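Visitor: Mind looking over this structure? Questions follow.
The values are calculated or read from the model by the stated rules, or taken from the named source; none is laboratory data. Computed from a predicted model, the values in this text were never measured in an experiment. Here the Cβ positions follow ideal geometry from the backbone for every residue, glycine too, while neighbour counts run over all protein chains shown. What goes into the accessible areas is simple: the full protein's heavy atoms, side chains included, and nothing from ligands, DNA or RNA. Shrake-Rupley method; radii C 1.70, N 1.55, O 1.52, S 1.80 Å.
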Amino acid sequence: MALRETHLDRMRDGSFDTLIIGGGINGAVTAASLAGRGASVALIDRGDFAHFTSQASSNLVWGGFKYLENYEFYLVWKLCRSRNRLMRAYKDNIAEIGFYAALDEKGPYRPWFAALGALGYWIIGRFGTRPPRLLSQENIEREEPAINTASVGGGIEYRDGILIDNDSRFVFSFVRSALEVGATAANYVELVSAERHGDHWVASLRDVDTGEEFTTRAKTIVNAAGPFVDELNREWGLSTKHRIVYSKGIHLVVPRLTTKRHHKVLAFFDDTQRLFYVIPMGRRSVIGTTDTRVDTPYTETTHEDIEFLIEQINARMDLDDPLTTRDIIADRCGVRPLVVATGGGDQTDVDWTKLSRKHAVETDHRQRVVTIFGGKLTDCLNVGEEVADEIESLGVPLEKDLHNWYGEPARATRKEFYRQARLMKLDSFRDKPETEPLSDRLWRRYGRRAFAMLESIHEDPAMAEDIMGSADYLRVELHSAAHSEMVTKLEDFMRRRSKIDLVVHDDDIRQSTGLREVAEILFGDDADRRLAEYFGGDDQIPPAVKAGPHAPQISRHAVDALA
Ligand SMILES: Cc1cc2nc3c(=O)[nH]c(=O)nc-3n(C[C@H](O)[C@H](O)[C@H](O)COP(=O)(O)OP(=O)(O)OC[C@H]3O[C@@H](n4cnc5c(N)ncnc54)[C@H](O)[C@@H]3O)c2cc1C
C-alpha cells in the first residue's frame, strides 16, 4: 500500500494522544518532537506539507540582525541561540554564509556605525559564526563587481546561516523524522470540525484528494495552522491572549546576479530604508523580501511588487543587462503570521515593520488545546520543545528529551556513507559542470536513506542516470521519493520535495521529455491524471512531455533496496 494510504488507514477511526493541525514548520517540528518522545501523534495538512507560509521564506537561518534596529536585543539573543543550535545540528543542510551589505551614502547608517552593530550582533550571537568585517569601497568593487558603488561609502559583512536546499524540504525532513518514530501523517487532509466529547476530541477530517470524510479521536490538539490559528480557535470557542496579523513578503527568482565566486547574500537598503537581499539559490538569485500589511492570508505577487524590487535592484547593481520582468523564473509569496496581544486594537497605528517576530505558545487547559502563534524556521527546535512541555502539562506522559528527535546522523555514520560512496566511485557516475558531487547531494538530502540509494545504484546503474536534463535529479531519487516522501501531486515534488519549479524556466519544464517518467515513477498508473492536474488539463500537457519515453524496466532488487 502506498505510504499515504497506509497513514490514512491508521487515521480512520484512530485514537491518538495528539492531533496536530497544520504541516508547516511548526506542525512538522511538533510531530517530530512529540513522536520522538513516545507520544502517539497524527499530523494533517489540508494541502501538501509546507505548502503555505513555510514554502515562502527567505531560506535563512538567522538571528535577525535587522531587529537590532528596533532594539529587540532579547529576541535577537534568543534567535542567535536557535540559529547556532540549528547550524550545529544540521551541518550539511545549513551553511554559514556572509551577508554583504553595501551602504549608500544616503542610507540610514555610516559603515563604521553598521560595523559596530555587526560586532554587537556577533557578540550577542556568542561568536557562533566567523567575525564580521568592515568593508571599504575598494573591497566591495574588488570582491563583488556587480554592486554599483557610485554612491557607496563602504559596507560591512556579517554572517548567518542558509538552508542549502529549500525551506519546504527542511520542513519535510521533520515530517520524515516523525514518520520514522511511528507518527501518523497525511497531506491533503483537512480538519472540517472538531468537538470535545468527555476527555477527548472527535475530529471530522476530509481527504481533499478524494473527498472521503472520516473521524479520528485525540486527547489533545495542537493548533499549528499558521495564519489560520485564530479561525480554528474561534470555531472551538477558545479565547486566547494572542492573535495573528499578517505581513506579506515576496521574493523573485532570477538568473544569478552575483559573480560566480561570490557565494554571499547581498544586503541593501531599499528606498523606504528597509533591508532587502539578493540570496543565492544554486545557479539562481532570489531577490526579496517586501513587508506589507495585508488583511488576508491569501495573497499574490502583484505587478507593483515586481516593479518595486526590479527598480531597487537596477539602482543598486551594475548588471550587464538591467533586470526586467522577462528575467523572472519564479516568484514566492507568503504572509508572516505576526503575534500581537488580543485586545491591542486593530494595530493600524503601529509601524508594521517594527512588529516583533517572536512566537508565542498558549495552552487552554480546559479544552486541552495548544496553539502556536507566529514563529520562524530558525526557532523551530524551541517550538518543538515548548509544545512538548505544554502537552506533558495536559497529562500526556512523554519520555525524557534526549534531543535525538532532530539533527543529522552521527559523524561516524556520515563517514561510513562517504567511504561506501568512494568505494563504488559514486561521484564518477556524473560529470555535469557546476554541480556538486553526487555523494554530497545524496547525503545532505537523504541522510541514512542514502545508504539504500547506494545499494540500489549498485544493483542497477541505470538508477544513477539523470531523468530531467536541466533539473538535476537521478532516477534513484525519484524511486526513493515514491516510497518515502508522500508525494501526492506532481507539484509536491516539483515545488517542495525538490525546487525544480523555482529554478527551472517554465519553458524548459514544458520541453522536458523526462517529466513523463518522473510522473510514472511517482504515481504509476495515475501518472496521466497527475500530469493533467499539474498542467491544468489533459489538453494542456505539452507535446514534448506527452511524447516523453516511458519509465524503463529497472531491476526489481534495485527498487526493493529502497523500500
Ligand atoms: C516572506 C517571508 C520570509 C520569511 N523568511 C524567513 C527566514 O528567512 N527565516 C526564518 O526563520 N523564517 C522566515 N519566515 C517566517 C517563517 O517562514 C514562518 O514563520 C513559518 O513558515 C510559519 O510556519 P507555520 O507552520 O506556523 O505556518 P504554515 O507554514 O502556514 O503552516 C500552517 C499550515 O496549516 C494548514 N492548515 C490550516 N488550517 C487547516 C485545517 N483546517 N486543516 C488542515 N490544515 C490546515 C495550512 O494548510 C498550512 O500549511 C518568513 C516568512 C515570510 C512570509
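Visitor: Suppose we filter region 41-95 for residues that are at positive phi and free of Cβ contacts under 8 Å to residues at least 40 places away in the same chain; how many remain?
Guide: The number of residues fulfilling the criteria is 1.
Visitor: Quick one: in region 1-15, of everything that is of a type outside the set (Asp, Glu) and open to solvent by 20 Å² or more (accessible area, probe 1.4 Å), which residue is farthest from the ligand (Cβ to nearest atom)?
Guide: Here the answer is Met1.
Visitor: Suppose we filter Ser33, Ser57 for residues that are within 15 Å of the ligand (Cβ to nearest atom), in a loop (DSSP other than H, G, I, E, B) and out of contact with any strand residue (DSSP E or B) (no Cβ under 7 Å at 6 or more places or on another chain); which single one remains?
Guide: Of Ser33, Ser57, the one residue that is within 15 Å of the ligand (Cβ to nearest atom), in a loop (DSSP other than H, G, I, E, B) and out of contact with any strand residue (DSSP E or B) (no Cβ under 7 Å at 6 or more places or on another chain) is Ser57.
Visitor: Follow-up question, since we're still on this one. Tell me, which strands (runs of 3 or more DSSP E) lie completely within region 212-326 with 3 or more residues that are open to solvent by 70 Å² or more (accessible area, probe 1.4 Å)?
Guide: Result: 213-223.
Visitor: Let me ask something additional. Is there a residue in region 127-139 that is under 27 Å from Arg441 (Cα atoms), within 16 Å of the ligand (Cβ to nearest atom) and assigned to a loop (DSSP other than H, G, I, E, B)?
Guide: Yes, region 127-139 contains a residue that is under 27 Å from Arg441 (Cα atoms), within 16 Å of the ligand (Cβ to nearest atom) and assigned to a loop (DSSP other than H, G, I, E, B).
Visitor: So, in region 177-213, exactly how many residues are in contact (Cβ under 8 Å) with a residue 40 or more places away in the chain, within 14 Å of the ligand (Cβ to nearest atom) and over 26 Å from the mean Cα position of the chain (by Cα)?
Guide: Qualifying residue count, region 177-213: 4.
Visitor: Which condition number does Leu502 fail, the rest of (1) over 28 Å from the mean Cα position of the chain (by Cα); (2) open to solvent by less than 20 Å² (accessible area, probe 1.4 Å); (3) modelled with pLDDT of 95 or more being met?
Guide: (1)
Visitor: How many residues are assigned to a loop (DSSP other than H, G, I, E, B) and open to solvent by less than 30 Å² (accessible area, probe 1.4 Å) when one looks only at region 368-400? Spell out the reasoning first.
Guide: So in region 368-400, the residues assigned to a loop (DSSP other than H, G, I, E, B) come out as 368, 374-376, 394-400.
Retained after the next criterion (residues that are open to solvent by less than 30 Å² (accessible area, probe 1.4 Å)): 374-375, 394, 396, 398.
Here the count works out to 5.
Visitor: Test each condition in (1) open to solvent by 10 Å² or more (accessible area, probe 1.4 Å); (2) in a helix (DSSP H, G or I); (3) hydrophobic (A, V, I, L, M, F, W, C); (4) under 30 Å from Val41 (Cα atoms) for Leu478 and report the one that comes out false.
Guide: Checking Leu478 against (1) open to solvent by 10 Å² or more (accessible area, probe 1.4 Å); (2) in a helix (DSSP H, G or I); (3) hydrophobic (A, V, I, L, M, F, W, C); (4) under 30 Å from Val41 (Cα atoms), the one that fails is (1).
Visitor: Does any residue of region 61-71 turn out to be touching a helix residue (DSSP H, G or I) at 6+ places or on another chain (Cβ under 7 Å), open to solvent by 40 Å² or more (accessible area, probe 1.4 Å) and modelled with pLDDT of 95 or more?
Guide: Within region 61-71, not a single residue is touching a helix residue (DSSP H, G or I) at 6+ places or on another chain (Cβ under 7 Å), open to solvent by 40 Å² or more (accessible area, probe 1.4 Å) and modelled with pLDDT of 95 or more.
Visitor: Across region 88-97, which residue is farthest from the chain's Cα centre (by Cα) among those that are crowded, with 20+ Cβ neighbours inside 10 Å and not polar (S, T, N, Q)?
Guide: Here is the first cut: in region 88-97, the residues crowded, with 20+ Cβ neighbours inside 10 Å are 90, 93-94, 97.
Among the residues that remain, those that are also not polar (S, T, N, Q) are: 90, 94, 97.
Working: Tyr90: 14, Ile94: 12, Ile97: 17 Å.
Ranking the qualifying residues of region 88-97, first place goes to Ile97.
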